[in-house]
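So the structure is just underneath, and the comments pick up after that.
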Amino acid sequence: QVQLVESGGGLVQPGGSLRLSCAASGFIFVNYALGWYRVAPGKQREFVAAVTSGGNTNYADSVKGRFTISRDNAKNTVYLQMNSLKPEDTAVYYCNVRVRSRDNWGQGTQVTVSS
């Protein structure tokens with residue numbers, strides 16, 4: 001079955017950087033778009049970034065110019081490089097893939113931006 005395992009979260013000061021990873025299995029990775037979403041305290045889940053099977057990317061306005069999504073098809077892994085982090089980026093970050101019309105999610109990784 002589809003499995004997504006996120007890692008790389010942690011505590012970082014404002015202005016700092018983190019790189020999240022999402023290791024995927026259970027589907028033909030190269031054929032699918034993948035995305036990152038986040039859930040901040042007291043808020044609904046929101047889209048962060050996505051990358052298509054062809055490598056095209058899309059970002060939420062709130063992270064454009066600061067975050068970069070990428071994929072390594074040889075490693076079945078998608079990354080989210082996060083720079084210039086702000087306190088409002090604090091959230092649990094989830095990896096997503098839709099396979100056969102079903103959304104699949106990882107367990108999430110906590111990112112906390114605080115001084």
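The values are calculated or read from the model by the stated rules, or taken from the named source; none is laboratory data. None of the values given here were measured: they were computed from a predicted structure. Cβ atoms come from the backbone with ideal geometry, glycine included; neighbour counts cover every protein chain shown. The protein model used for the area step is the full one, side chains on, heavy atoms only, and it has no ligands, DNA or RNA in it. Shrake-Rupley method; radii C 1.70, N 1.55, O 1.52, S 1.80 Å.
Okay, here's what the table says:
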read-out: Accessible surface of Phe29 - all protein chains present, 1.4 Å probe, nearest 10 Å²; value: 10
read-out: Computed E for Ser114/Ser7 - FRET, C-beta separation, R0 22 angstrom, nearest 0.05; value: 0.65
read-out: Relative contact order %, segment 63-103, counting alpha carbon pairs below 8 Å whose residues are six or more apart; value: 28
read-out: Amide H contacts of Thr90 (H built 1.01 Å from N, under 5 Å, at least 5 apart or other chain); value: Val113
read-out: Cβ crowding within 10 Å averaged over residues, with 97-104, 5-12 ranked highest first; value: 5-12, 97-104
read-out: Lys, Arg +1 and Asp, Glu -1 on Cβ, resulting dipole of segment 49-115 about Cα centre, debye, nearest 20; value: 240
read-out: Residue-count net charge about Gln107 - beta-carbon cut-off 15 Å; Lys, Arg +1, Asp, Glu -1; value: 0
read-out: Dipole in debye (nearest 20) - the chain, about Cα centre, beta carbon charges: Lys, Arg +1; Asp, Glu -1; value: 160
read-out: Straight-distance crosslink candidates among lysines, where the alpha carbon sits under 22 Å from Lys86 and sequence neighbours closer than 8 are dropped; value: Lys43, Lys64
read-out: C-alpha center-to-center spacing [segment 95-115, segment 1-77] in angstrom; value: 7
read-out: Exposure ranking of Val111, Val30 by accessible area [1.4 Å probe, largest first]; value: Val30, Val111
